[in-house]
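Each remark here refers to the structure printed beneath this line.
The values are calculated or read from the model by the stated rules, or taken from the named source; none is laboratory data. Every value quoted in this text rests on a predicted model; they were computed, and no experiment measured them. With ideal geometry, Cβ positions are generated from the backbone for all residues, glycine too; neighbour counts draw on all protein chains shown.
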Amino acid sequence: MVRVKGSKSRKKPSMAARADKASTATGTRYLILGLAVSCVAALAWAGWQTEKTVVASAQFRVQALEIRGLRLLTGEQVLDSSGVEVGDGLFDVDLDAMARRLHGLVWVRSARVERKPPDRLVVHLEERRRVLWMEWRSQQHGLDAEGVLLPPERLATEGISDLNLPVLRVGGLSDSLVVGQVVPDSTVHRLLDWWTVACRVAPELVADISQVEAFGEDALVLRLVADNLEVRLPYGQVQERLSTLNEVLSRVYNECPNPAYVDLRFAGQAVVGRESSATTIDIGRPIGDVPSSTQVQRHG
C-alpha cells in the first residue's frame, strides 16, 4: 500500500500578532520624534543661555557714544538727554526710546541710534539751523527752514555765519507760540519759502539783506544792509526779480542819489522814491525777460 503525503497547511498570523508589530513601529516613530524635539529644545536653550551670557558679559557694556552730525550741540548735552549711562548693558538699551528722547531736544531735527559692539552706541543726528531771526515778544528768536521757532539765546558753538542773518518781521503773531514747534502762521511760511528760494538762486545778493517783512498781501519788503534802502517786490519769479534788482541798484545810485525805496512791483519799470518825491526808471524789458546771467555791480 502506498501512502500519499498530504500538504502541510501554513498557519496565518493572528490579529494580535499584527497589532503588536504596528504598535512597536508607532512607538519607534514617536521615540525618534521625541528625540528630535528634545534636540531642538536643547539647542534653543543653549542658544538662549549663550545670548544671555553674551548680553550679561562685562565686555558688552556701554563705554561711549559715537555721535555723528554734531555741530551745534555738545556731546555732554546729547549724553545727558540720551537716558543712557556708562556701564549699561549694550543690548539692554531701547534704541527707539533713546532716539525719541534725543528728538525732544529743540536743536535736533532727527535722531537715529544703532549698536556698535562691543561697547559703543552710534548716534546719527540732524541738527536744526537758524535761517532767519524773527521778532516775537520783544526778542529775536531763531527760525529754521521748516518754520520751527528756536531759542533766542546764542549757542557757544554758533559762529558769525550762524548769527549774521536777516530779521523777519511779522505783525500779529500769537502769544502762545512754543519754542521747538512750528510757527502756525501763513505769512511766516510764505516769507520763509521766498527766502529759501532766494538763498538758493541769489546767495550773494541775500547777503546784503538785513530785514524781510510782508507788504500787503501780494508783496514783501527787503531792507538792505548798507543804507537801509527799502526794496518792494512781489512774490513769485524770485530769480528773475532778484536779477532785475541787482541790475537796477547800480543805476539807482547813479541816477537817483539818496533813494528811500525802490519799488519793483510794476513790470518793466522801477519806481525810486525819495523823502519827498519819486522817480521812475525804465528797466527796458519786462521783469520776466531779464536773463539770469546779467552781471551788474552789487549794491553797497
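Could you go through region 53-69 and let me know if any residue there is touching a Phe, Trp or Tyr at 6+ places or on another chain (Cβ under 9 Å), at pLDDT below 95 and assigned to a loop (DSSP other than H, G, I, E, B). Yes, there is a match, as at least one residue in region 53-69 is touching a Phe, Trp or Tyr at 6+ places or on another chain (Cβ under 9 Å), at pLDDT below 95 and assigned to a loop (DSSP other than H, G, I, E, B).
Report yes if A226 is in contact (Cβ under 8 Å) with a residue 40 or more places away in the chain and within 31 Å of the chain's Cα centre (by Cα), otherwise no. Don't jump to the end; show me each part of the working.
Numbers: in contact (Cβ under 8 Å) with a residue 40 or more places away in the chain: yes; within 31 Å of the chain's Cα centre (by Cα): no.
No; evaluated as a whole, the condition is false for this residue.
Say we look at region 77-124 and pick out the residues that are β-branched (V, I, T) and under 11 Å from L65 (Cβ atoms); which of these is farthest from the chain's Cα centre (by Cα)? Applying the filter and picking the extreme gives V86.
Of the numbered criteria (1) in contact (Cβ under 8 Å) with a residue 12 or more places away in the chain; (2) surrounded by fewer than 18 Cβ atoms within 10 Å (Cβ to Cβ); (3) under 22 Å from E127 (Cβ atoms), the one L150 fails is (2). Restricting L155, L173 to those that are assigned to a loop (DSSP other than H, G, I, E, B) and under 19 Å from R109 (Cβ atoms) reduces the list to L155.
State yes or no: is S210 crowded, with 19+ Cβ neighbours inside 10 Å and either in contact (Cβ under 8 Å) with a residue 24 or more places away in the chain or not assigned by TED's automatic domain parsing to the domain that holds R274 (or both)? Criteria not met by S210. Of the residues in region 194-213, at least one is in a helix (DSSP H, G or I) and among the acidic types (D, E).
From the list R223, R241, R265, which residue is assigned to a strand (DSSP E or B), on the phi < 0 side of the Ramachandran plot, surrounded by 14 or more Cβ atoms within 10 Å (Cβ to Cβ) and basic (K, R)?
On the way: R241 fails: assigned to a strand (DSSP E or B); R265 fails: assigned to a strand (DSSP E or B).
The match here is R223.
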